[in-house]
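This report refers to the structure that appears directly beneath it.
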C-alpha cells in the first residue's frame, strides 16, 4: 500500500521530480489535508477561498537599504547570542520559548527556540536604534494586542493618524514601544493584503506620562484619496517580549 502511494505521488509530480525540493509543510490524513510551502517548482498556499497552487517564482534580490539593514541586524544578534550572552541568559530565553505557543502556516501549534525568540524580539529594537535586551523574559506570555487600534489617512497631509489605548501596560512603562508599519496602498476593491510593508515610527511608552493618542505619522508609501491603506503594529515590552502583529485599515481621505 505504501509503495503504491509513493508511486502515485511521484507520478503526480511528473516533470517536477527532477527539480530541487524546498521546505514544505504537509498535513496527512485520508489523502493530503493541507500543504504549505514550495516543492518541485510549485508553491502551495491558502487564501480565503481555499487551498491553491501556483508556479514558484524566485524574485530578484535588489539588496535595498532596508533589506541590508534587516540582514545586518540578524547577523549582529546571531553573533551576540554566541559570543556575548552568558549560558544563564541563553537558558532564560530557552525557558521563555518553551512556554510560548506559536502557529505555523497550517495553523498548528509550534514552539520556537530561545535563539529564535531572541532574534524575533531584538531585530526590531536594533532597527529602531534602541537597546538590545539580552536577559530572557521571566513573564511567559506574549504582550497583549491592542484591539482598539484604528487609523485615518490623508492624501493632502500624506499622514496616517493611529489611535491606540494608552492605558495598556506598554504605554505606561519606560522601555515599552508600539511599532507601526504601513503597507503599500491598494485599490479600493482589495480585501486582502499581506505585504510589502515599511516601518513608520515608534510610539514610546513612559512610566510618568503615557504617549498621547492618536499619533500622527508621516507615510512611508505615498497615498492617494480612495486607496485602501493597511497598517500593522507590534507591542514591545521593557523585558523584551514582542507581541504578534495586529492590523487596521481604512480608505484614505482627500
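All of the numbers you see were taken from the coordinates with simple rules; none came from a lab. A quick note: this is a predicted structure, and the numbers were derived from the prediction, not measured. Neighbour counts are summed over all protein chains in view; Cβ atoms, including those assigned to glycine, are modelled from backbone coordinates with ideal geometry.
Name the residues in region 184-208 that are buried (at least 19 other Cβ atoms within 10 Å of the Cβ) and over 24 Å from residue 241 (Cα atoms), would you?
185
If residue 152 satisfies every condition in (1) under 14 Å from residue 242 (Cα atoms); (2) in contact with a strand residue (DSSP E or B) (Cβ under 6 Å, 6 or more places away or on another chain); (3) buried (at least 17 other Cβ atoms within 10 Å of the Cβ) but one, which is the exception?
The one condition residue 152 does not meet is (1).
Can you tell me which residues in region 74-115 are part of a helix (DSSP H, G or I) and either without any contact (Cβ under 8 Å) to a residue 12 or more places away in the chain or touching a strand residue (DSSP E or B) at 6+ places or on another chain (Cβ under 9 Å) (or both)?
Filtering region 74-115 down to residues part of a helix (DSSP H, G or I) leaves 74-83, 87-99, 114-115.
Residues satisfying the conditions are 75, 79, 82, 83, 87, 88.
Among the strands (runs of 3 or more DSSP E) contained in region 158-237, which hold 1 or more residues that are over 19 Å from the mean Cα position of the chain (by Cα)?
On the way: elements: 159-163, 177-183, 197-204, 215-218, 228-236.
Result: 159-163, 197-204, 215-218, 228-236.
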